[in-house]
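Below is one structure; the comments refer to it alone.
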Amino acid sequence: MPDNSTVNKKSSVVKDETIIKIENLTKRFGKVAAVDDINLEIKRGEFFALLGPSGCGKTTLLRMIAGFEVPTEGKIFLDGVDVSNIPPNKRPVNTVFQSYAVFPHLSVFDNVAYGLQFDNVSKSEQRERVMAALEDVKLEHLAERKPDQMSGGQRQRVALARALVKRPKVLLLDEPLSALDAKLREAMRFELTELQDRVGVTFIMVTHDQDEALAMACRCAVMDRGRLMQLATPSTLYEFPANKFVADFIGSVNMFEGKLILDEPDKAIVEVEELGGKVFFDHGVLGAEGGQIFVGIRPEKIELIKRTKDMKKPQMEDSPEDCNVFAGVIDNISYLGSESIYEITLENGRRMQVSRPNLSRWDQEDFTFNDEVWLGFHGDSPVLLQN
């Protein structure tokens, strides 16, 4: 299993040094712990995501980093300095909010320059820094335009330029793409990652959108009910989820309860009553034989084979004969363009989901409703999950 260190595929400026360190951070509202004893470190130049469902505490954590909320317990260190009780305007951070909050009566230039006017920055330096920030977000040609003459994506870039012109050490992004339509949101993912790579500032983004986090972040902290469930790179979260919650929250997964009946260094077998058979792992799982565990299988890792009455049950080449192949019937098909999702009912009534890429324009006709099929997967496909 890969480690959880920063895998830097999105930025050439991530350094192996900590810019934000959070120690035993807790925030209570009455008896409710919105953030519950969080510990994590964020690297300089990293694009970091706080990810989780509504009410998980990610926005409260971001607001404590910004200084808008005071911790009940614990500390926040920014570049080695304890900022836990320092007011927001004294911290070297800036925040871009969901609504962007640009001033409609001011030009793009004046919107971006607004914060500098309170910092005793000379007019000449203001102009130089504003135009540099607008160039970073590719809006220098629209400096005199008013926000109401711009698209949602352009207004978002104005808000980004206004935050970056203050030269923060950390930029905080609160659901930065939620106000955009789906097509523009996808385009802005690339623009934001390219911008972060150019300016080299540490970005910390709050989002509930798993696709957004996986596409943009170097690492993600997945939260639930105020607690940190897993801290890892996007690929590690997806392929090696630490528990049931992460597996279920990140992408789609078929999940089953089972009993571990064999566990050796190079293989393991789980009896899964819900599947009506056994699941083979091509590696040991370090569990207690006879104990109850959970098995997760991603839909795209399952193969479909058409089944006929006289057809012998197939065998996966890396698995024992009685493992990892199950019979079912296709009940439903969702065509999504690039892929099709198949809902399949097993012989014992349990439903499974399988996804297949549509590699040609006719791929969706390979299988149809009520087809009898075998579902098979390799020994490296399932993952062992704990509660």
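The values are calculated or read from the model by the stated rules, or taken from the named source; none is laboratory data. The model shown is predicted, which means the values in this text are computed figures rather than measured ones. In this analysis, Cβ positions are derived from the backbone assuming ideal geometry, glycine residues included, and neighbour counts consider all displayed protein chains.
A few comments on the model shown:
- Test: residue in region 324-338 that is assigned by TED's automatic domain parsing to the domain that holds Lys259, surrounded by 19 or more Cβ atoms within 10 Å (Cβ to Cβ) and charged (D, E, K, R): no
- Taking helices (runs of 4 or more DSSP H) as the structural unit, those lying wholly within region 181-271 and holding at least 3 residues that are basic (Lys, Arg) and surrounded by fewer than 22 Cβ atoms within 10 Å (Cβ to Cβ) correspond to 182-199.
- Selection count, region 349-373, where residues are free of Cβ contacts under 8 Å to residues at least 40 places away in the same chain, closer than 14 Å to Lys306 by Cβ and among the polar types (S, T, N, Q): 1
- Restricting attention to region 33-69, the residues that are in a loop (DSSP other than H, G, I, E, B), more than 23 Å from Val14 (Cβ to Cβ) and not small (Gly, Ala, Ser) add up to 4.
- Any pair with Cβ under 8 angstrom, 6 or more apart, that starts in region 4-31 at a residue that is at positive phi and modelled with pLDDT under 95 and ends at one that is part of a loop (DSSP other than H, G, I, E, B) and crowded, with 16+ Cβ neighbours inside 10 Å: none
- Test: Gly226 is small (Gly, Ala, Ser) and touching a residue at least 24 places away in the same chain (Cβ under 8 Å): yes
- Entry remark, region 297-348: residues being hydroxyl-bearing (Ser, Thr, Tyr) and without any contact (Cβ under 8 Å) to a residue 24 or more places away in the chain number 3 in total.
Listed here are the residues, each with its yes/no results for (1) assigned to a helix (DSSP H, G or I); (2) free of Cβ contacts under 8 Å to residues at least 60 places away in the same chain.
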| residue | (1), (2) |
| --- | --- |
| Asn94 | no, no |
| His105 | no, yes |
| Asp110 | yes, yes |
| Tyr114 | yes, yes |
| Ser124 | yes, yes |
| Glu128 | yes, yes |
| Glu135 | yes, yes |
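Matching residues to (1) assigned to a strand (DSSP E or B); (2) within 29 Å of the chain's Cα centre (by Cα); (3) closer than 26 Å to Leu260 by Cβ:
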position: Lys309; (1), (2), (3): no, no, no
position: Pro314; (1), (2), (3): no, no, yes
position: Glu321; (1), (2), (3): no, no, yes
position: Met352; (1), (2), (3): yes, yes, yes
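- Filter result for Arg157 (basic (Lys, Arg), closer than 25 Å to Cys218 by Cα and in a helix (DSSP H, G or I)): yes
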